[in-house]
Amino acid sequence: MNLITVNEEKCTKCELCIKTCAAAVLKMGSHGPEEIENTHCFACGHCTAICPNAAIDNKKSPLKDEIDLKDFPKLNEKQAEYFLRSRRSIRNYKTEPVSKEKLTKLIDIARLAPTAANSQGISFVVVQNRQLLEQALDISIQLVEASPLKHLIEEGDKRYKEDGYDLVFRGAPNLIIATSDKNLPNGRDNAVSSLTYLELYAPSLGLGSCWAGLFEYCIGIENSPLLKLFNIPEDKKVVGAVMVGYPKYSYKRLVDRNPLDATFIE
C-alpha cells in the first residue's frame, strides 16, 4: 500500500514528519520521506499536521480533511484555566429536551478525543426518549436495592418514593451511552477521554452534563435487563455514560479543590 505521497517541490527534507511519527513508519529517502515496509500506521495524522509546507499527504489522515491552524486564536493561560474549572457536574435539569442537532455536535466532538494508539473504537447510543429513561430508572433502582450499593437508595429513599426524585439520571432529558467492542482492551480508557471532551464542550452549547455512575454500575451487572432495554448488541460492552440537558441553575463562582499533592524528582 502506498500510504504517503510527497510533493517533492514543497518538501525541504526537514524530517519533522519522521521525527514526530509515533509508529516509526517513515524514513528519509532520496526524494523525501518514504514508508518503511512491514510497519503499521495508526492514522494519528502527526506527519501531515506538522509539515510546514503541506508537502506530505497520508491516505489514513488525508491533508484535504485537515484544518489550518494559522489563524486559530488560542486561549491565554487564565482563559484556559477558567474554561476548564468552570465545568461542573450538573444534577438539576430543565425539562426542555436537547435537539438532535446539539446532541450530534456533542458526540461528534467526543469522537475526536485522543485514544490509546489512536484505537478510537467508541460508538454512542443517544437516548432522547424520556419514557425510556423512566423505565431505566425503575430497573436501576431495583438492581441497586439488591446490590451492595443499596445504601445509596436508602439514603435517598424518601426523595425517590415521596417526591419522585430521579436518583439515577437527575431528571436529565437525555442520556449518552458509550460502547465499544468487547475485545477492545482500551475501551473504558478511550470512553473516558471521549466523554471528557463531550463534557468540556457542552457548556458552549448551553448544556450541562454529569457522569451517570449509578446507571453504569447497573448496566454493568451480568445479564442486566438494561442491556436489552437500550438494544446494546451482544458483541458490545458499555464503557461509559453521561446525562445531558439544560442546567436548571447557573453557578456564579469557581470552587477550589484539595491542595496540590505532587512530587518532583529532579
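Each value in this text was obtained by applying a stated rule to the coordinates, not by laboratory testing. Treat the numbers as computed from the prediction; the structure is a model and nothing was measured. For neighbour counting, all protein chains shown are included, and Cβ atoms are generated from backbone atoms with ideal geometry for every residue, glycine included.
Using just the helices of the chain, give the 222 nm mean residue ellipticity in deg cm²/dmol: DSSP H runs with n ≥ 4 each add -39,500 (n - 2.57), and the total is spread over all residues, rounded to 500.
Details: 10 runs with 86 residues, N = 266.
Calculated from helices alone, the mean residue ellipticity at 222 nm is -9000 deg cm²/dmol.
FRET efficiency for the Glu35 to Asn76 pair, using the beta carbon distance and R₀ = 41 Å, is estimated at 0.55.
Stretching Lys100 away from Val192 to a fully extended chain increases their span by 30.9 nm, per 0.36 nm per residue minus the current alpha-carbon distance.
Listed by chain and number, the lysines placed with their C-alpha closer than 29 angstrom to that of Lys19 are Lys10, Lys27, Lys59, Lys60, Lys64, Lys70, Lys74; residues fewer than eight positions away on the same chain are left out. Taking 0.36 nm per residue of separation and subtracting the Cα-Cα distance, full extension of the segment from Leu254 to Lys13 would add 81.9 nm.
Measuring from each cysteine beta-carbon in the chain, the ones with no other cysteine beta-carbon under 4.7 angstrom are Cys11, Cys14, Cys21, Cys41, Cys44, Cys51, Cys210, Cys218.
Using the per-residue mean of other Cβ atoms lying within 10 Å as a proxy for protection, in what order, highest first, do the peptides 8-15, 107-114 fall?
Numbers: 8-15: 12.8, 107-114: 16.0.
Going from most to least packed, we get 107-114, 8-15.
Within the straight-line cut-off of under 16 Å between alpha carbons, the aspartates and glutamates reachable from Lys78 are Asp256, sequence neighbours fewer than 8 places apart in one chain being disregarded.
A Förster radius of 41 Å combined with the Cβ-Cβ distance from Ala22 to Lys150 puts the calculated FRET efficiency at roughly 0.35. Sparsely packed loop sites in region 192-236 (the GluC sites (Glu not before Pro) outside DSSP H, G, I, E and B with at most 14 other Cβ atoms within 10 Å) comprise Glu222, Glu234. In terms of its C-alpha gyration tensor, region 80-245 comes out oblate, because a/c is 1.5 or above while a/b does not outweigh b/c.
The amide H of Tyr93, built 1.01 Å from its N in the peptide plane, has Lys248 as neighbours under 5 Å, considering only residues 5 or more places off or on other chains.
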